[in-house]
1. Would the stretch 256-278 turn up any residue that is out of contact with any strand residue (DSSP E or B) (no Cβ under 6 Å at 6 or more places or on another chain), surrounded by fewer than 17 Cβ atoms within 10 Å (Cβ to Cβ), among the aromatic types (Phe, Trp, Tyr) and part of a helix (DSSP H, G or I)?
2. Taking into account only those residues within the stretch 124-147 that are closer than 20 Å to ASP160 by Cβ and buried (at least 19 other Cβ atoms within 10 Å of the Cβ), which is modelled with the lowest pLDDT?
3. Within the stretch 197-222, count every residue that is modelled with pLDDT of 75 or more and on the phi > 0 side of the Ramachandran plot.
4. Go through PHE253, PHE224 for me and flag whichever is under 18 Å from the mean Cα position of the chain (by Cα) and not hydroxyl-bearing (Ser, Thr, Tyr).
5. Could you list, in sequence order, all residues of the stretch 163-192 that are modelled with pLDDT under 90 and either surrounded by fewer than 20 Cβ atoms within 10 Å (Cβ to Cβ) or closer than 26 Å to LEU54 by Cβ (or both)?
6. Picking from PHE224, PHE167, PHE191, which residue would you name as being under 14 Å from ALA40 (Cα atoms) and of a type in the set (Phe, Trp, Tyr)?
7. Scan the stretch 198-224 residue by residue and report those that are of a type outside the set (S, T, N, Q), touching a residue at least 60 places away in the same chain (Cβ under 8 Å) and touching a Gly at 6+ places or on another chain (Cβ under 8 Å).
8. Restricting to the stretch 43-76, name every residue that is surrounded by fewer than 23 Cβ atoms within 10 Å (Cβ to Cβ), over 18 Å from the mean Cα position of the chain (by Cα) and modelled with pLDDT of 90 or more.
Amino acid sequence: MPPSPQPDDTPPAQDGPPTFTLPLRLSSSLLACLVGLASALGSLHRLDPATTALTVATVVLAHLGLVHFGPSRLDSAGNSGRNQHMAAALGHRPFGVYAPLALALLPAFGLTLRIGSLLPVLAAACVLGLGAWRAASPKLRGGTEALAAACWLLIAFATDFMQRGTFSPLAAAAGLSYALLAANQQLIAAFATHSQDVASRRHTLVTMLGTATAKWAYLLVALFAYGWLVALVARYQLPQHAAAAALTLVFSFAAGRELLEHADEAAYLGPAIRRTILAAHLHGLILAATLAFGRWPA
């Protein structure tokens, strides 16, 4: 008679492996686009449908080309192997791996014709070059949190510019809180892949600072993001109702508390990552709604 199995004393993971998948990354870019559109709508009281559609198409194709079809790590959910297999399969065709990036030039060219500025084509070309650079350099694969925040902020800023036809510093200021919280999604996901990143020599904030220091960086980024938004509202630079977006700090700080306890235990970071994603996405939605339909200061 076979012996009965002994109970396993290893505590089970609470909510499964933490992930930050491509759909979530793509939705973060679309929310940045929405914040820029809301900034333009709230102050101009109009949006150009053709420009809006071309802008969204450019952002989606550029994001897919930069992240999904390049031979770089995507997330902790197993997308890396699929990307590398795709890159190997298409490697004999120079255009194959970067097809979405190259296709992003088409709506960008349409934007150039629509608004009479070369900026969209130049921006798409820069993204194409950045994608090739990241794919060619192992040190850049996986990206950095600072680069992610800058990209999401630039999406909001550029989307506002496409509608307005001129640069608005206030649009950049309005999108900063969302960009920082969106970047925190990538920052906390890097804790889950810390050991793999160290082995692969990927440069993330967590590998550079270590988990003991990087976990405080998460809280500082969240604190600055919410403080920045409240300061803009208090100085009457944004609609007063925009302060409602700061209510998502409940999720961010709850995630931060869990991160402080389990920064070195990837299996237990699922709830914290989900709360971080919820905080960023809700923040973007509430901010966009209040910017679009709130009463802007005169």
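1. Scanning the stretch 256-278 turns up no residue that is out of contact with any strand residue (DSSP E or B) (no Cβ under 6 Å at 6 or more places or on another chain), surrounded by fewer than 17 Cβ atoms within 10 Å (Cβ to Cβ), among the aromatic types (Phe, Trp, Tyr) and part of a helix (DSSP H, G or I).
2. So the first thing to find is which residues in the stretch 124-147 are closer than 20 Å to ASP160 by Cβ, and the list is 124, 126-127.
In the following step, the residues that additionally are buried (at least 19 other Cβ atoms within 10 Å of the Cβ) were identified as 124, 127.
Values: ALA124: 75, VAL127: 71.
Filtering first and then ranking leaves VAL127.
3. Number of matching residues: 1.
4. Values: PHE253 fails: under 18 Å from the mean Cα position of the chain (by Cα).
Only one candidate passes the filter, namely PHE224.
5. Hits for the stretch 163-192 are ARG164, GLY165, THR166, PHE167, SER168, PRO169, LEU170, ALA171, ALA172.
6. Details: PHE224 fails: under 14 Å from ALA40 (Cα atoms); PHE191 fails: under 14 Å from ALA40 (Cα atoms).
After applying the criteria, what remains is PHE167.
7. ARG202, HIS203 - these are the residues of the stretch 198-224 that are of a type outside the set (S, T, N, Q), touching a residue at least 60 places away in the same chain (Cβ under 8 Å) and touching a Gly at 6+ places or on another chain (Cβ under 8 Å).
8. LEU47, ASP48, PRO49, ALA50, THR51, THR52, ALA53
The values are calculated or read from the model by the stated rules, or taken from the named source; none is laboratory data. The structure displayed is predicted, hence computed values, not measured ones. For neighbour counting, all protein chains shown are included, and Cβ atoms are generated from backbone atoms with ideal geometry for every residue, glycine included.
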